[in-house]
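Nothing in this text is a laboratory measurement; each read-out follows from the coordinates by a stated rule. Note that the coordinates shown come from a computational prediction; the quantities given were computed from them, not determined experimentally. Positions of Cβ are backbone-derived with ideal geometry, glycine not excepted, and every protein chain shown enters the neighbour counts.
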Amino acid sequence: MTRYEIKGGNLLEGTVTISGAKNAAVAILPAALLVKGKCRVENVPDISDVRILLDILADLGAKIHHEASGVVVLDCTNISEKKPNPELVRKMRASYYLMGALLSRFHKADVALPGGCNFASRPIDQHIKGFMALGADVEETEDYVVLTEGPNGLHGNRISLDVVSVGATVNIMLAATLLPGQTVIENAAKEPHIVDLANFLNTMGAHISGAGTDTVKIRGVESLQGGTYAIIPDQIEAGTYLAAVAATGGNVLVRNVIPKHMDCITSKLQEMGAKFINYDDAIRVQSDGKLRHTTVKTRPYPGFPTDMQAQICVCMTLAQGISRLTESVYETRFFGYCSELTSMGADILINGKTAIVTGHEKLKGATVRAHDLRAGAALVIAGLAAEGTTQVENIHFVERGYERLVEKLRALGADIRRIED
Ligand code: EPU
């Protein structure tokens, strides 16, 4: 089993450079299916979710060229209408974006249901509602979603989402881009990667406005042409390093970030005692490792991200006093890591949607298992801050979303090794 072995207690010091955003990349790469011409995409993170997605696109006939580190050129001009490889589709969550992209390009799609991190029930009813509003007939089986053009053809429409969903917002944007007429998504998600997808599509010739607000408008165009685009930095990867420094203590310059995207995270870590200096595209974080309790409630952007819940929970386990952490996006997300943290000495009581975390001065090393991506990242932070040695198992989850994690942490002075048995 491949695992991380971490000897805790080192301060983190130096500079770390953040990679391109996973959740933007996994929306933008399928969006290349809409483009006839070459899309040159920069700042593509080298993570397993991206590798799987590129394999799916290559299998559909996309020509893919790795021009340089982080630079991928995709040409989907001559892709075929075949079904995306179901085995690959089931390996990740964001493969559901193939539904919207293929519907837009071919007016039909036959895509296996996605896999990926399974920390909660993750329905796609809002995606389906969107496709139907755009005129698709939808057939859902246990394993597949089959979309075809309905009797009145595919066309723009007004769709009000019942819940704020990143995935549904992206999928409807993809589907509507090449359809006639105007689509309006109300109660849309406002995450930075929604704006990034809109910017990518607009660079290629789409007409999308309002991304980043709760009303996104897409005026359909006949075709998109190629171009060059750079993916934004990963808000959650950056947040993970900030939380790691807050927990272990140290002084790190986190480069290639958009500080505005980080406000919702830094404001909470600041309340806990970490100090931040913002630059144009970097943030310096300083911490003496002595943290105070706080209260956090996860919310869609611009709120505190659910994808940082587990990492800030580790900070809370080390903070003086009792913290409260409420999850409002995925209720069951605590179960992916809280019991693992408890085995490291953390004191966490889960009461419905809220974890009540009583801080202690130290965690102690243990053998723990990652159950999903962010849970795994949190266990790495716990290991870095703990006394003694921590083994984090199931690290394939972590490698879905963090590029060169071990290398980056070692450069900051962490004692972490990737061990393949
Ligand atoms: N929801 C529905 N119906 C739907 C879609 C969503 O009820 O059709 C509910 C979900 O159950 C959840 C809420 O709406 O309670 C929000 O879900 P959303 O659709 O926004 O999540 P997602 O698109 O499946 C993306 C990220 C997740 C991140 C969430 C929330 C990608 C590929 N994934 O998931 O990222 O947690 O948004 O911000 O963008 C991660 O990176 O570790 C990760 C899990």
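Which of the peptides 226-236, 347-357 is most tightly packed, and how do the rest follow, judged by the mean count of other Cβ atoms within 10 Å per residue?
Answer by packing, highest mean first, reads 226-236, 347-357.
Along the charge dipole of region 22-230, Cβ charges K/R +1 and D/E -1, which of Ser121, Met204, Gly167 sits furthest on the positive end?
Met204
List the GluC sites (Glu not before Pro) within region 296-377 that fall in a DSSP loop (any state other than H, G, I, E or B) and whose Cβ has at most 16 other Cβ atoms within 10 Å.
Glu361
Pull up the cross-link candidates among the lysines for Lys63, meaning alpha carbon to alpha carbon under 19 Å and not fewer than 8 places away within one chain.
Lys36, Lys38, Lys82, Lys83
Expressed as an acute angle from 0 to 90° and rounded to the nearest 10, what is the orientation of the C-alpha long axis of helix 166-176 relative to the principal long axis of the chain?
Relative to the chain, helix 166-176 is tipped by roughly 20 degrees.
Quickly estimate the mean residue ellipticity at 222 nm for the chain, helices only: each DSSP H run with n ≥ 4 gives -39500 (n - 2.57), and the total goes over all residues, rounded to 500.
Mean residue ellipticity, 222 nm, calculated: -9000 deg cm²/dmol.
Mean separation of Cα pairs under 8 Å and 6+ residues apart, divided by the residue count of the chain: what relative contact order is that in percent?
After rounding, I find 21 percent.
Go through region 91-180 and name the GluC sites (Glu not before Pro) that are in a DSSP coil and have 11 or fewer other Cβ atoms within 10 Å of their Cβ.
Within region 91-180, the qualifying GluC sites (Glu not before Pro) (loop, at most 11 other Cβ atoms within 10 Å) are Glu142.
Could you give the length gained on full extension between Ile356 and Gln286, defined as 0.36 nm per residue of separation minus the Cα-Cα distance, in nm?
22.6 nm
Please list, in order, the residues from region 238-265 whose amide nitrogen is less than 13 Å from a point placed 7 Å along the Cα→Cβ vector of Thr15.
252-257
At R0 = 41 Å, how high is the FRET efficiency between Met1 and Glu149 if r is their beta carbon distance? Nearest 0.05 is fine.
Calculated value: 0.30.
Of the listed peptides 25-32, 14-21, 180-187, what is their order by residue-averaged count of other C-beta atoms within 10 Å, with the highest listed first?
The most tightly packed comes first, giving 25-32, 14-21, 180-187.
Output the 0 to 90 degree angle, nearest 10, between the alpha-carbon long axis of helix 192-203 and the longest principal axis computed from the alpha carbons of the chain.
30
Taking the Cα centre of the chain as the origin, how large is its charge dipole in debye, to the nearest 20, when only Lys and Arg (+1) and Asp and Glu (-1) carry charge on their Cβ atoms?
In total the dipole reaches around 660 debye.
Roughly speaking, what is the stretch gain from His207 to Asp421, that is 0.36 nm per residue apart minus the C-alpha to C-alpha distance, in nm to one decimal?
71.9 nm
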